Ligand SMILES: [Zn+2]
């Protein structure tokens, strides 16, 4: 056998039916369990998605200059004359104090929407025997759940914080960067991207670069969240990386396009292997290695899916706490800045209610 032949034989790692007893029942059970937990996940999310959420904010470009000026003034000891801005900018700063609470609420809704839609796609692609798309979707689900769990971890300090009466929203302001990044994390400067000729631009021309004294929204590597998830669910990192083999144009495409694989030994005992590649149902039952590997991957994914309700509940509790803090602060502010907030203006807590109605 030439070196090249040996290498090719090595690449064809899947063992065939004649070598080991069939474990297809176990694999089918694991597939059914995975699909069952995807269905549970999606029906659990459905209730909270019956109505949409109005995510309210004020113009960040309007708030930013005054926010920076106030920050610098405060950093310098606050002894010089307080910076002054027009009423619109000052109000934008005050409304913006509630931004983190609204962003956390929005992050939860966005996560629920995305995870629900991925669940629906996973069910559809599985039923249509589109295995590459199925595994890509499962991978997407693991990523999203990892991100939700990472924010729950990052807000541990916030969840235990007790605000002082004179600074009721201080813990929220301290957590704001983590919340903002979870919702707005990006690799691009979307303003530059909008105006760029993508055929002529270089990657760095449109890359996100944090501006001084602004919120840092540089997307973290998803692997950071996956590694954290691995601490909660052992094996999550490797399972995720195996699923990456199905997202990227790697060997996962060959495995998922295999309708069935068979082998037979000829008269001198040489084993011949045939893969039938095509659309339609995929029968993994003769590919023992793949069955063994994907069984583990799917059972780890099931554990990840089961984690979601508890981390969502943790973040829901944080969201209610953030809401209370934003409200307490904003309702003090509206009585301290009476000329800026009339009864029929929107309340500075960004509830969407008027000052008169927001209690
Ligand atoms: Zn209010």
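The values are calculated or read from the model by the stated rules, or taken from the named source; none is laboratory data. All of these numbers come straight from a predicted model, not from anything done at the bench. We place every Cβ from the backbone using ideal geometry, glycine too, and count neighbours over all the protein chains shown.
Would you check if there is a residue in the range 208-217 being farther than 25 Å from residue 108 by Cα, under 28 Å from the mean Cα position of the chain (by Cα) and surrounded by 13 or more Cβ atoms within 10 Å (Cβ to Cβ)?
Within the range 208-217, the subset farther than 25 Å from residue 108 by Cα is 209, 211-213.
Now drop any that are not under 28 Å from the mean Cα position of the chain (by Cα), which leaves 209, 211-213.
From the residues that got through so far, the ones that are surrounded by 13 or more Cβ atoms within 10 Å (Cβ to Cβ) too are none.
No - not one qualifying residue is present in the range 208-217.
Within the range 59-100, the residues that satisfy the criterion of being part of a loop (DSSP other than H, G, I, E, B) and without any contact (Cβ under 8 Å) to a residue 40 or more places away in the chain are 59, 76, 77, 78, 79, 80, 81, 82, 83, 84, 85, 86. In the range 301-334, how many are out of contact with any helix residue (DSSP H, G or I) (no Cβ under 9 Å at 6 or more places or on another chain) and over 23 Å from residue 157 (Cβ atoms)? The total comes to 2.
The listed residues are 199, 194, 234, and the only one of them that is farther than 30 Å from residue 301 by Cα and part of a loop (DSSP other than H, G, I, E, B) turns out to be 199. Criterion first (assigned to a loop (DSSP other than H, G, I, E, B) and over 17 Å from residue 350 (Cβ atoms)) does residue 111 satisfy it? In short, no. Going through (1) more than 30 Å from residue 141 (Cα to Cα); (2) at pLDDT 95 or above; (3) more than 9 Å from the ligand (Cβ to nearest atom) one by one, residue 313 falls short only on (1). In the range 326-350, the residues that are farther than 21 Å from residue 166 by Cα form Cβ pairs under 6 Å with partners that are more than 8 Å from the ligand (Cβ to nearest atom) and assigned to a loop (DSSP other than H, G, I, E, B), at six or more places apart or across chains, as follows: 343/356.
In a loop (DSSP other than H, G, I, E, B), at pLDDT 80 or above and surrounded by 13 or more Cβ atoms within 10 Å (Cβ to Cβ), is that true of residue 53? So residue 53 fits the description; yes. Residue 266 satisfies every condition listed in (1) more than 16 Å from the ligand (Cβ to nearest atom); (2) without any contact (Cβ under 8 Å) to a residue 12 or more places away in the chain; (3) farther than 30 Å from residue 230 by Cβ; (4) within 32 Å of the chain's Cα centre (by Cα) except (4). Taking the range 349-359 as the range and being more than 7 Å from the ligand (Cβ to nearest atom) and within 31 Å of the chain's Cα centre (by Cα) as the test, the residues that pass are 350, 352.
Among the residues in the range 285-296, are any more than 16 Å from the ligand (Cβ to nearest atom), in contact with a helix residue (DSSP H, G or I) (Cβ under 7 Å, 6 or more places away or on another chain), modelled with pLDDT under 95 and assigned to a loop (DSSP other than H, G, I, E, B)? Checking the range 285-296: at least one residue is more than 16 Å from the ligand (Cβ to nearest atom), in contact with a helix residue (DSSP H, G or I) (Cβ under 7 Å, 6 or more places away or on another chain), modelled with pLDDT under 95 and assigned to a loop (DSSP other than H, G, I, E, B). Looking only at residues in the range 330-345 that are within 13 Å of the ligand (Cβ to nearest atom) and surrounded by 11 or more Cβ atoms within 10 Å (Cβ to Cβ), the one that is nearest to residue 358 (Cα to Cα) is 331. Number of residues in the range 171-191 that are assigned to a helix (DSSP H, G or I) and either under 24 Å from residue 221 (Cβ atoms) or without any contact (Cβ under 8 Å) to a residue 24 or more places away in the chain (or both) equals 13.
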